[in-house]
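FYI, it's all coordinate maths here, none of it is from the lab. The shown structure was predicted, so the numbers you read here are calculated from the model rather than taken from an experiment. Backbone-built Cβ (ideal geometry, glycine too); neighbour counts: all protein chains shown.
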Amino acid sequence: MTEPFTRPDVKILLGMMAASGQPPIHEMTPVEARAMRKASRVETEPPVGELGVIRDLICPGPAGDIPLRLFDPRADRGPGDVIVFTHGGGFVFGDLDSHASLCAEIARTMDLPVIAVDYRLAPEAPFPAAPDDSIVAARWIAANGVATGREAKRLIVMGDSAGANLAIVTASALRDDPAAVPVAAQCLIYPVTETCRDEGSGREFGDGYFLTRDGMDWFDSHYRAPDDDRRRNPIVAGLAGMPPTVIMTASLDPLRDQGRALASEIAKAGGDVVYLEASGTIHGFWSLRKLLPSSASDVARCLAHLNLMIAA
């Protein structure tokens with residue numbers, strides 16, 4: 001079988017990872033995995049850079065306050081669109097700092113405020129803590145422009161990997177029970193929509209391409225979400241009436257086929273969807289921009305499509 005196309009910088013990174021001797025995530029505890037990811041952040045992400053405002057916020061949640069963070073290239077701004085961002089990390093790690101560089105980049109590129117949501121993590125707070133927090137936070141952002149400093153006229157929900165799952169679930173919840181303002185669009189980066197299956201891209205790229213089958217099983221064992229719950233597998237809820245959607249996957253990602261299937265189901269339900277696939281790269285490339293310079297053009301391409309979608 002011919003080897004799949006792999007970008008030069010991706011080949012270098014995969015070689016470095018294979019030679020590192022570092023234990024895989026599924027052999028770590030959640031605390032160890034979080035510490036490892038935190039320690040590697042300076043190597044994987046560019047600096048946050050200059051913005052007009054970066055401000056920590058708090059919103060009331062179902063089990064206590066939910067930390068949020070506002071990123072905006074402008075110090076002041078009138079009413080308009082607000083991006084609500086939920087981070088990836090398999091529902092086990094990730095926080096306001098882990099995706100600060102990416103949120104800042106999105107805010108600068110889109111010239112829009114981004115409010116990141118620091119939802120509760122498994123295994124300390126397993127399913128459905130993450131979707132519960134994400135939905136509550138989006139509703140609060142929609143209705144509390146004075147507290148956030150950014151009056152939302154529309155929301156754009158966005159996330160990567162597990163965070164993309166939470167973005168879909170949030171958009172679905174706000175479709176069924178609208179918030180104070182509508183959801184104008186959703187932008188889903190290599191979304192996880194179900195337990196990974198050992199078929200298709202899950203089989204082909206489940207080992208040796210950064211995100212592994214063993215790693216995904218480890219995440220699932222901590223998150224403990226049933227497959228038939230609409231908040232784990234959003235397709236179960238039905239996709240009719242979902243907001244316009246941009247999906248970007250990576251061709252070497254075991255989750256690639258989940259993103260393809262989601263795009264297909266949204267289209268079948270009559271939705272407006274743009275599907276983009278970054279050829280020759282791996283899961284997580286949006287958060288590996290320092291190690292994978294080729295990612296910059298993919299991020300820009302996806303955000304350009306999102307910008308066209310919300311301007312339509």
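For the stretch 7-67, which GluC sites (Glu not before Pro) pass both filters: DSSP loop (anything but H, G, I, E, B) and at most 12 other C-beta atoms within 10 Å? List each step's numbers first, then the result.
Working: sites: Glu27, Glu32, Glu43, Glu50; in loops: Glu50.
Counting only loop positions with at most 12 other Cβ atoms within 10 Å, the GluC sites (Glu not before Pro) in the stretch 7-67 are Glu50.
In debye to the nearest 20, how big a dipole does the chain give about its Cα centre with +1 on each Lys and Arg Cβ and -1 on each Asp and Glu Cβ?
Numbers: 30 positive and 41 negative charges, 130 e Å.
The dipole of the chain has a size of about 620 debye.
Restricting the count to DSSP beta bridges whose residues both fall in the stretch 8-311, what percent are antiparallel, rounded to a multiple of 5? Display every interim value, and only then the final one.
Details: 13 of 41 bridges.
Among the beta bridges of the stretch 8-311, antiparallel pairing accounts for roughly 30 percent.
Quick query: amide H of Lys153 versus all other amide H atoms, modeled in the peptide plane; which residues come in under 5 Å with a sequence gap of 5 or more or a different chain?
Placed amide hydrogens put Gly80, Asp81, Val82 under 5 Å from Lys153.
With an 8 Å cut-off on Cα pairs and a minimum separation of 6 or more residues, tell me the relative contact order of the stretch 8-311 in percent.
Working: 622 pairs, mean separation 55.1, N = 304.
The normalised contact order for the stretch 8-311 reaches 18 percent.
Could you tell me the distance between the Cα centroids of the stretch 51-89 and the stretch 144-197, to the nearest Å?
13 Å
State the antiparallel share, in %, of DSSP beta bridges confined to the stretch 29-153, rounding to the nearest 5. Kindly include the intermediate steps, with their values, before the conclusion.
Values: 13 of 19 bridges.
Once the DSSP bridges in the stretch 29-153 are tallied, antiparallel ones form about 70 percent.
Where does each of 247-256, 289-298 land if you order them by average Cβ count within 10 Å, highest first?
Details: 247-256: 25.1, 289-298: 16.6.
Per-residue Cβ counts within 10 Å, averaged per peptide and sorted highest first, yield 247-256, 289-298.
Roughly speaking, what is the stretch gain from Arg301 to Lys268, that is 0.36 nm per residue apart minus the C-alpha to C-alpha distance, in nm to one decimal?
On the way: separation 33, 0.36 × 33 = 11.88 nm, distance 2.45 nm.
Using 0.36 nm per residue and subtracting the Cα-Cα distance, I get 9.4 nm.
Let a ≥ b ≥ c be the square roots of the eigenvalues of the Cα gyration tensor of the stretch 8-311; is it rounded (a/c under 1.5), or, if not, prolate (a/b larger than b/c) or oblate?
Note, shape of the stretch 8-311 comes out rounded.
Please label the shape of the stretch 225-312 as rounded, prolate or oblate, based on the square roots a ≥ b ≥ c of the eigenvalues of the alpha-carbon gyration tensor (a/c under 1.5 means rounded; beyond that, a/b larger than b/c means prolate, else oblate).
On the way: a/c = 2.40, a/b = 1.36, b/c = 1.77.
Oblate shape, in that a/c is at least 1.5 and b/c is the bigger or equal ratio.
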